[in-house]
Amino acid sequence: MKELFTLIILFILAQNATAQKNALRQIADSIYAEGEMLYRSEWASGNSTQIFTTGFGAKKLLSGGYFSYETPKGMATTFFSKNEDPVVLATVKFDHGLDSSKYSIDTITRKFTENEKALYTIRSKAAQAVLNDTLFKFYQHTSLNLVPIVKNGAKRVYVITAQTVPDEVLLGNDYLINFNEDNDIIKETKLHNNLIPLGTGGKDPIKASSHQHLGETSLFITATDICAFKLWKAKTTWVISFVVSAGYVSAWHFHDEFLEILTQDEWQKIMKNK
């Protein structure tokens, strides 16, 4: 009877462990998908800005901003005018492969499409919030990028600190603004407590980087972390990056772009066996 009881307990523990691993895998997949979406948007915005500025500098001066979005054929970045009733000044398009040498640009002035109007509306409201709300912080030699997303009925804008120093990857000082269906702000979330500059390695290769999530920061790596890692992958010598919280360790593997989330107990066991 005692042996049967022990077997039952072991079976329950094994089932719980499997369920927990499956739950963490789902969380990791969700974070990765959001991070990939952010990365594609920021990649398109950065490359489109360079193309627009280089080839159409005079028209670029008329621009009041830009935003990027997914299309059936790839990514598009729209630059809009500064006036109160803005129009589209130019649109740069890339295919799904995100090859910066393969693009098209349309500089015919036109009105927003319905999708573009929805993105512009929440981007504009987010921009006002960033300027007027003390939640948002500005650091010297940096700027804040606004990434509007409308998907599956959900509307949100990420606010991300842009990198300006070539030998650093900037994490943190990032935010998420959620909107309701009427485009009213319903929640503003600070994703990291501060700005985290990490060295890329340079002449002294760094194989691993890490940072902590404390207090109200997410227990897991954030989509903005994933976005930054993918954007600056080629400029670092990192093989892996860890995000450590009170209960979990998130590990981003750079080579195969794989996200792994472990409990602290699992992590401690791995470290003891090394």
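The values are calculated or read from the model by the stated rules, or taken from the named source; none is laboratory data. No experiment lies behind these values; they were computed from the predicted model shown. No Cβ is skipped: glycine too gets one built from the backbone with ideal geometry, and neighbour counts run over all protein chains shown.
The table below gives the values:
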item: Filtered residues of the stretch 215-252 (kept if part of a strand (DSSP E or B) and closer than 25 Å to Val165 by Cβ); result: Ile240, Ser241, Phe242, Val243, Val244, Ser250, Trp252
item: Where a residue in the stretch 113-128 is within 15 Å of Ile186 (Cβ to Cβ) and its partner, wherever it lies, is part of a helix (DSSP H, G or I), with Cβ under 9 Å and at least six apart; result: none
item: Among the residues listed as Leu231, Leu195, the single one being within 25 Å of Thr142 (Cα to Cα), touching a helix residue (DSSP H, G or I) at 6+ places or on another chain (Cβ under 9 Å) and surrounded by fewer than 21 Cβ atoms within 10 Å (Cβ to Cβ); result: Leu231
item: Filtered residues of the stretch 184-214 (kept if among the aliphatic types (A, V, I, L, M) and outside any loop (DSSP other than H, G, I, E, B)); result: Ile185, Ile186, Leu195, Ile196, Leu198, Ala208
item: Among (1) more than 19 Å from the chain's Cα centre (by Cα); (2) aromatic (Phe, Trp, Tyr); (3) assigned to a loop (DSSP other than H, G, I, E, B), the one test that Trp267 misses; result: (3)
item: Pick from the stretch 35-73, criterion of a type in the set (Gly, Ala, Ser) and surrounded by fewer than 18 Cβ atoms within 10 Å (Cβ to Cβ), ranking: modelled with the lowest pLDDT; result: Gly57
item: Qualifying residues in the stretch 195-245 (those that are within 25 Å of Gly46 (Cβ to Cβ) and basic (Lys, Arg)) - the one modelled with the highest pLDDT; result: Lys230
item: All positions within the stretch 39-93 that are of a type in the set (Asp, Glu) and closer than 27 Å to Glu257 by Cα; result: Glu42, Glu70
item: Residue list for the stretch 103-148, restricted to those being aromatic (Phe, Trp, Tyr) and more than 14 Å from Tyr175 (Cβ to Cβ); result: Tyr103, Phe112, Tyr120
item: Test for Trp267: is it farther than 15 Å from Ala33 by Cα and in contact with a strand residue (DSSP E or B) (Cβ under 6 Å, 6 or more places away or on another chain); result: yes
item: The listed residue being of a type outside the set (Gly, Ala, Ser) and at pLDDT 95 or above, out of Asp167, Asp174; result: Asp174
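Matching residues to (1) under 15 Å from Gly64 (Cβ atoms); (2) part of a loop (DSSP other than H, G, I, E, B); (3) at pLDDT 95 or above:
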position: Thr121; (1), (2), (3): yes, no, yes
position: Val130; (1), (2), (3): yes, no, yes
position: His141; (1), (2), (3): no, yes, no
position: Arg156; (1), (2), (3): no, no, yes
